[in-house]
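Report on the structure given below.
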Amino acid sequence: MENNAVLHIGNVESVRGRIVEIRVSKSKNSPHLLYNGQIVKGISVGNYVKICKGFEELIGKVDEEYITEDKLISQKEYKQGKAKIKRILRLSLIGYFENSNFKQGVKELPLIENEAFLLTEGEINKVHNFIKEIDGKLDDKLEIGVLSNETGTPIGIGVNSLFASHIGIFGNTGSGKSYTLASLYHKLFKEYGDKSGFKKNAKFLLIDFNGEYSKGNAITASKKVFTLNTNLELEKIKLENKLPLGNDVLFNVEFLSILADATEKTQKPFLNRTVQLYKKVNKKENPINYFKGILKNQINGLLLMSDKEKAYQIIDYCEQVIDYYGSIELKRRFFEELDWQNTNHHFYRKSLSPMRQLTIDEIKDTHLYKEAENYQFPSNDIDIIIHFLYVQLINDLIINKAKNDHIIPAINKLKSKASSLQKVIDFDSSSNSVFAEDRNLCIIDLNNCNLDIKKIIPLLVGKHIYDVHKKEREMKEGGYLNIIIDEAHNILSYTSQRESETWKDYRLETFEEIIKEGRKFGVFLTIASQRPSDISDTIISQLHNYFLHRLINNRDIQAVERTVSYLDKVSFDALPILPTGTCVLAGLSAQVPVIIKIDEISKGYEPFNKTIRPTDYWGDGNDTQNTEQTGISSQDAEIIDKNNDVLPF
């Protein structure tokens, strides 16, 4: 009775579905109440309200309040003006208490004149208790921060509820989204990093576009980092900084399609025929002799051809195979020896009559044929697959199976990327895993890569490890894979103009498959981005948990509103004004949306993305770099220097 007297705030005045209006008692309009010797905040927007309906206790959150005239007061009675005003709270029902536990959802609706109460501290803690039972076992707790408006109230979430889900972290630059990402995974590795089961069964791949997590001990010291670089010469790149994917990515139709930006209808079937040709050649007892035989048969067909335009195209392609490096001047010597007879439409030897077509023996005596007999496979796999592509194209042209204009763009795209791909991928590796045996966090640093590689590698590696993981799950249970993509708008954007529509569709479909089907294979996606409006709606709508930092752009706010169904009005309205380091937590791991301040990361484990203070470097006597002002400890600076990485200032 004492609790009811103090915490009672009013009665239900109207019920419109989940929206309930409470008439506040005149005595409960003060900002604070005194309860059991403690100061309790009075009711206001953002607070929770308990509505008692018999033995049921329904919980709502105040979205807004307003005042109106109380028309039930008699006009004949003399009253002060304020006595005629009543205060109304408009709230949304979010859950109920059952067996002393808070349950999310609407069980039933209140009745008019049901009493409403403030929640006690214990009841508020129950609402904010996000640790659930999963299969009869209480989930492990991971504290990630404190309530923003009540800094003494820690917020913990279930490890399984969060990390066995797809996670989205969104916020403008400087709002703290990268810090939140680092904090979540730093706490996870701090808690489980030394456990043998975690090392054996859990794998994490982090795509780092800006080099924020690869340097020093960011997130954890136990990590494998690939610092990819397309700006250096090939000879200067260390083997350990190349992705050990082996040649599977070249002789696999799906991966080859990614590398060549292949179209679905014409170029991908051609690539499939090329891969089949490669497999057929390599099954032979002597692959090089078999390949030479194919070349010589094609030269026979070329020199007996009656179509001049097609013949000249094939000569160009033969040059790309036999004289790939341009050392023997194949084409010049070809036309010194042979010419085309326009009347009878055939090649002839210049030393003989123009009317006489070449015989088989004369073809074997040509320079082109002899060079084909001397052919050797190139030293690297990417040049080998390019040769096979040209040979398959020549074969398709001879039998009229393909048109040059449809196929050659795919070959040219692969050739244009060949140099960069050799700098970032170890095609000779016998391993096809990017994970080290004793380190289950792999970070791929793309900061020093060109745009083509930044676009290709996340898709290539993501699909590769996803396919490998699915096969491993067929043999054993318990395997867990988390693909983390920072600055995800770089590869998950549906508005990018840097690529064809076909390639864009293929890229999005690949990651949409992972986010829609990956859960059943133990594969989960974590994405962080400053432009949620650029990311595919399908991907955002499939996320289970959201950490929403400050968003100012209207399109970004509308994208969140359109796809995130967990947000209440108060949390949504707070997005443009959230302070740095503070975010809205919403989703399946949190029973109600809450605004939290993310815990600070232990010194030395923060991401390397602090904003520079220019005035620290504009004074006198600042010729040497102050590592403390950059946010990099002397120990981390030493590590960076050893890795030959560039310091940020």
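So the values come out like this:
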| quantity | calculated |
| --- | --- |
| Residues being part of a strand (DSSP E or B) and either surrounded by fewer than 18 Cβ atoms within 10 Å (Cβ to Cβ) or of a type in the set (A, V, I, L, M) (or both) - total across the stretch 225-255 | 3 |
| Residues located in the stretch 118-141, provided they are within 23 Å of residue 11 (Cα to Cα), open to solvent by less than 70 Å² (accessible area, probe 1.4 Å) and among the charged types (D, E, K, R) | 123 |
| Test set (1) open to solvent by less than 70 Å² (accessible area, probe 1.4 Å); (2) in a loop (DSSP other than H, G, I, E, B) - residue 356 fails condition number | (1) |
| Those residues of the stretch 160-202 which are of a type in the set (A, V, I, L, M) and assigned to a helix (DSSP H, G or I), in sequence order | 162, 181, 182, 184, 188 |
| Sole residue being under 15 Å from residue 12 (Cα atoms), modelled with pLDDT of 90 or more, under 41 Å from the mean Cα position of the chain (by Cα) and in a loop (DSSP other than H, G, I, E, B), chosen from 108, 65, 113 | 108 |
| Unique match (being open to solvent by less than 40 Å² (accessible area, probe 1.4 Å), at pLDDT 90 or above and either on the phi > 0 side of the Ramachandran plot or part of a loop (DSSP other than H, G, I, E, B) (or both)) among 543, 567, 585 | 543 |
| Close pairs (6 angstrom Cβ cut-off, 6 or more residues apart or separate chains): within 15 Å of residue 488 (Cβ to Cβ) in the stretch 154-175, assigned to a strand (DSSP E or B) and open to solvent by 10 Å² or more (accessible area, probe 1.4 Å) anywhere | 166/524 |
| Positions within the stretch 570-582 being farther than 30 Å from residue 523 by Cβ, crowded, with 18+ Cβ neighbours inside 10 Å and either out of contact with any Asp or Glu (no Cβ under 9 Å at 6 or more places or on another chain) or of a type in the set (D, E, K, R) (or both), in sequence order | 574, 578, 582 |
| Contacts under 7 angstrom Cβ, first residue in the stretch 45-71 being open to solvent by 40 Å² or more (accessible area, probe 1.4 Å), partner β-branched (Val, Ile, Thr) and assigned to a loop (DSSP other than H, G, I, E, B), 6 or more apart | 64/45; 65/45 |
| Number of the condition not met by residue 143 [criteria: (1) closer than 23 Å to residue 22 by Cα; (2) in a strand (DSSP E or B)] | (1) |
| Filter result for residue 248 (under 37 Å from the mean Cα position of the chain (by Cα) and not hydrophobic (A, V, I, L, M, F, W, C)) | yes |
| Yes/no for residue 531 being touching a residue at least 24 places away in the same chain (Cβ under 8 Å), under 30 Å from residue 409 (Cα atoms) and in contact with a helix residue (DSSP H, G or I) (Cβ under 7 Å, 6 or more places away or on another chain) | no |
| Matching option when the condition is over 15 Å from the mean Cα position of the chain (by Cα) and free of Cβ contacts under 8 Å to residues at least 60 places away in the same chain, among 511, 521 | 521 |
| Unique residue being over 16 Å from the mean Cα position of the chain (by Cα) and surrounded by fewer than 22 Cβ atoms within 10 Å (Cβ to Cβ) when the list is 590, 559 | 559 |
| Selection count where residues are modelled with pLDDT under 90 and aromatic (Phe, Trp, Tyr), scope the stretch 588-610 | 1 |
| Single match in 272, 282 (criterion: part of a helix (DSSP H, G or I) and surrounded by fewer than 15 Cβ atoms within 10 Å (Cβ to Cβ)) | 282 |
| Test: residue 626 is modelled with pLDDT under 85, open to solvent by less than 100 Å² (accessible area, probe 1.4 Å), closer than 19 Å to residue 174 by Cβ and in a loop (DSSP other than H, G, I, E, B) | no |
| Top-ranked residue in the stretch 546-556 [being at pLDDT 90 or above, outside any strand (DSSP E or B) and open to solvent by less than 10 Å² (accessible area, probe 1.4 Å); ranked as farthest from residue 205 (Cα to Cα)] | 551 |
| Any hit, the stretch 414-433, residues being free of Cβ contacts under 8 Å to residues at least 60 places away in the same chain, open to solvent by less than 50 Å² (accessible area, probe 1.4 Å) and among the aliphatic types (A, V, I, L, M) | yes |
| Tally, over the stretch 292-351, of residues that are at pLDDT below 90, hydroxyl-bearing (Ser, Thr, Tyr) and surrounded by 15 or more Cβ atoms within 10 Å (Cβ to Cβ) | 1 |
| Hits in the stretch 150-159 (condition: closer than 27 Å to residue 212 by Cα and not in a strand (DSSP E or B)) | 159 |
| Answer residue from the stretch 188-222, given it is buried (at least 19 other Cβ atoms within 10 Å of the Cβ) and charged (D, E, K, R) and is nearest to residue 487 (Cα to Cα) among those | 208 |
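Per-residue answers, yes or no, for (1) closer than 16 Å to residue 296 by Cα; (2) β-branched (Val, Ile, Thr); (3) within 57 Å of the chain's Cα centre (by Cα); (4) part of a loop (DSSP other than H, G, I, E, B):
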{"site": "316", "(1), (2), (3), (4)": "yes, no, yes, no"}
{"site": "325", "(1), (2), (3), (4)": "no, no, yes, yes"}
{"site": "334", "(1), (2), (3), (4)": "yes, no, yes, no"}
{"site": "343", "(1), (2), (3), (4)": "no, yes, no, yes"}
{"site": "351", "(1), (2), (3), (4)": "no, no, no, yes"}
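The values are calculated or read from the model by the stated rules, or taken from the named source; none is laboratory data. Computed from a predicted model, the values in this text were never measured in an experiment. Neighbour counts run over all protein chains shown; Cβ positions are idealised from the backbone, glycine included. These accessible areas exclude ligands, DNA and RNA; they are computed on the full protein's heavy atoms, side chains included. Shrake-Rupley method; radii C 1.70, N 1.55, O 1.52, S 1.80 Å.
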